[in-house]
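These notes concern the structure reproduced below.
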Amino acid sequence: MNLHALYHQTTVPYAYPLDEEHLYVRLRAAKGDLSEVKVYYRDRYQWPALYKIKTLKKSYADKLFSYYDTALALHRNRYAYYFVLRTHEGKRYVMDERGVWEKKPRVLRPYQFPYIASEDVYKGADWLKEAVCYQIFPDRFHRGEGSDQVIEEATLAPWGARPTTKNHFGGNIKGITEKIPYLKDLGVTLLYFTPLFTSSSNHKYNTKDYLEIDPRFGSLEETKELVRLCHEAGIRVVFDAVFNHTGHDFFAFQDVLEKGQKSEYAPWYHIDSYPVSLAKANYYTFANHVSYMPKVNLKNQGIREYFLQVARYWIREVGIDGYRLDVCDELSHDFLKDLRKAVKEEKEDAVLIGEIMHEAETFLDGTELDSIMNYPFRHAMVDTFAREELSLSEFFQVLLKNQVLYREDITAQMLNLLGSHDVPRFLTESGGNKKKLMLATAFQFLYKGVPYVYYGDEIGLSGGKDPLCRKTMIFEKDRQDETLLTFFKTMIRLRKENPVLTHGHFTLKSVEEKTFHFTREEEKDRVEVFFNLAPDERRVTLEKNLHGTNLYTGEEVDEGGSFVLSGQSFLAVLVKK
């Protein structure tokens with residue numbers, strides 16, 4: 001047995017409370033080493049030390065490791081436990097907090113999870129798990145008439161023109177409100193807007209005023225109406241908040257530019273030297289030397305309290321359902337804990353979603369964020385479905401690693417995107433191949449986590465790197481790809497109609513050169529999912545006969561032994577237990 005592969009710790013994701021009555025435990029071992037894993041557990045104050053016994057289930061396996069888990073329950077929720085491992089050769093090992101023993105030691109030192117305090121229990125957001133997210137770049141979505149928008153017509157680019165880093169198109173809040181029927185018909189249940197607050201740029205990530213809707217978009221009253229009508233349509237709303245940096249024209253930084261060291265707001269920023277110069281950018285900025293985005297010092301209580309009040313304000317004033325946090329991986333953990341407390345005090349089921357473009361386990365232990373934009377998922381999807389650079393074995397190695405980094409309930413809340421305003425659109429990444437986009441979208445909706453649609457993907461918008469991925473939306477039906485739109489609507493409907501696709505456990509059953517098979521399963525239902533990424537048909541071998549309903553077509557499926565899956569296609573079969 002490979003002792004180096006054995007691993008357990010009493011922190012997330014290897015041990016954590018599921019609720020006030022249950023403790024989740026996980027153990028990692030080398031793939032194929034173990035035939036059985038049992039956990040012996042008791043009340044840590046119970047004497048004599050009489051242990052209960054439970055067998056762990058093998059829940060995940062990748063190229064290197066197998067992962068075993070279970071949930072424990074004890075009166076008063078104070079745990080002492082150790083593991084007993086059995087190899088395929090019948091050899092037995094004991095694992096406690098001091099290590100792995102071939103012979104049970106005279107005195108065991110069990111792992112301790114001392115107490116499940118109610119305030120330490122992470123309370124996820126069921127509505128987020130069940131959501132279908134849709135991202136809107138407000139300047140490019142739709143321009144409604146009769147708006148409170150204040151804008152100079154002469155400064156606008158023609159709708160449909162090539163986007164640049166500077167041009168504005170005039171999309172507004174009224175326009176989004178007018179398209180709520182479209183969004184409801186599409187089936188989305190969560191809208192995420194890139195920033196709406198006053199800013200000089202078209203992307204609005206250099207905030208001038210955090211407490212004002214940008215007049216280019218409209219008014220506060222129009223925003224309130226938008227959120228109210230979204231809620232009536234069953235659609236939640238998340239705002240974008242930039243707490244890593246401000247705009248250079250934000251009042252506090254302007255005061256620093258004017259008064260230098262004498263400014264009371266100088267401690268709000270990281271100033272290298274005085275006088276402060278936009279030309280020299282002699283201060284910490286977003287990225288490197290981006291002078292119009294000075295980075296803030298969140299250790300300072302003044303700027304911290306200001307941002308906490310901003311976060312409270314928009315929930316209280318407009319009724320939004322949470323925030324997506326820009327450059328979230330540069331926000332301090334201390335600040336994020338304070339922000340979570342402030343947001344939850346205003347609205348208990350509001351959520352915090354981080355823009356983190358890499359794995360983020362230190363932010364997702366349940367004390368800070370509820371989710372992130374799952375860019376590791378997006379990158380794997382592009383490299384496999386679009387560019388065909390990863391083998392399917394490598395693809396699932398990435399995804400399974402992504403799954404086991406986090407709590408189970410957090411994994412179910414990850415926003416699984418294919419594109420956004422910061423990366424090329426999936427259709428462009430795939431060389432314009434719409435079959436690849438449809439296959440990737442099908443996987444996105446059949447996999448665990450929250451499906452995330454970037455505006456326009458559903459009607460065939462293309463676009464390369466920023467700013468080309470920020471084209472204007474098309475609503476003229478004769479210019480939309482109706483086949484693609486119908487496909488998106490169907491996948492969204494299937495996701496919403498079949499809770500097993502939201503809550504069901506994911507198990508990878510087989511991976512071949514261009515085909516793979518996985519299941520989503522809960523107590524009453526199981527969905528058997530098969531994909532063929534090859535352009536030609538492939539024969540798929542079954543472990544047992546397949547009887548059920550084709551989720552996409554509604555037709556009955558009755559296959560035995562094997563069946564042929566046509567090129568670039570998928571099959572999802574609902575099996576009732």
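What the table below lists for this structure:
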quantity	calculated
Qualifying residue in the range 326-343 (condition: of a type in the set (F, W, Y) and touching a strand residue (DSSP E or B) at 6+ places or on another chain (Cβ under 6 Å))	no
Residue satisfying all of: in the range 130-158; in a helix (DSSP H, G or I), of a type outside the set (S, T, Y) and open to solvent by 20 Å² or more (accessible area, probe 1.4 Å); nearest to K224 (Cα to Cα) among these	E153
Test result for E537, surrounded by fewer than 19 Cβ atoms within 10 Å (Cβ to Cβ), of a type in the set (D, E, K, R), more than 26 Å from D62 (Cβ to Cβ) and assigned by the TED database to the domain that holds S391	no
Any chance R216 is closer than 30 Å to L331 by Cβ, open to solvent by 30 Å² or more (accessible area, probe 1.4 Å) and assigned by the TED database to the domain that holds E355	yes
Close pairs (8 angstrom Cβ cut-off, 6 or more residues apart or separate chains): among the polar types (S, T, N, Q) in the range 175-189, open to solvent by 30 Å² or more (accessible area, probe 1.4 Å) and at pLDDT 95 or above anywhere	T177/E225; T177/L229; T189/W127; T189/E130; T189/G234; T189/R236; T189/K496
Residue within the range 387-400 that is open to solvent by less than 50 Å² (accessible area, probe 1.4 Å) and in contact with a Gly (Cβ under 9 Å, 6 or more places away or on another chain) present	no
Exclusive hit being farther than 30 Å from E394 by Cβ and in the same structural domain as E178 (by the TED database), set F83, F113, F141	F141
Any pair with Cβ under 7 angstrom, 6 or more apart, that starts in the range 303-322 at a residue that is over 19 Å from S219 (Cβ atoms) and ends at one that is aromatic (F, W, Y) and not in a helix (DSSP H, G or I)	F307/F243; A311/Y323
Options H333, H289, H358, H379; residue that is on the phi > 0 side of the Ramachandran plot and surrounded by fewer than 16 Cβ atoms within 10 Å (Cβ to Cβ)	H289
Scan of the range 297-323 for residues that are farther than 22 Å from F193 by Cβ and surrounded by 19 or more Cβ atoms within 10 Å (Cβ to Cβ), ordered by number	L298, I303, R304
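The values are calculated or read from the model by the stated rules, or taken from the named source; none is laboratory data. Predicted model, so just to flag it, every value in this text is computed and none were measured. Here Cβ is always computed from backbone atoms with ideal geometry, including for glycine, and neighbour counts include all displayed protein chains. To get the accessible areas, we keep the full protein, side chains included, count just its heavy atoms, and leave off ligands, DNA and RNA. Shrake-Rupley method; radii C 1.70, N 1.55, O 1.52, S 1.80 Å.
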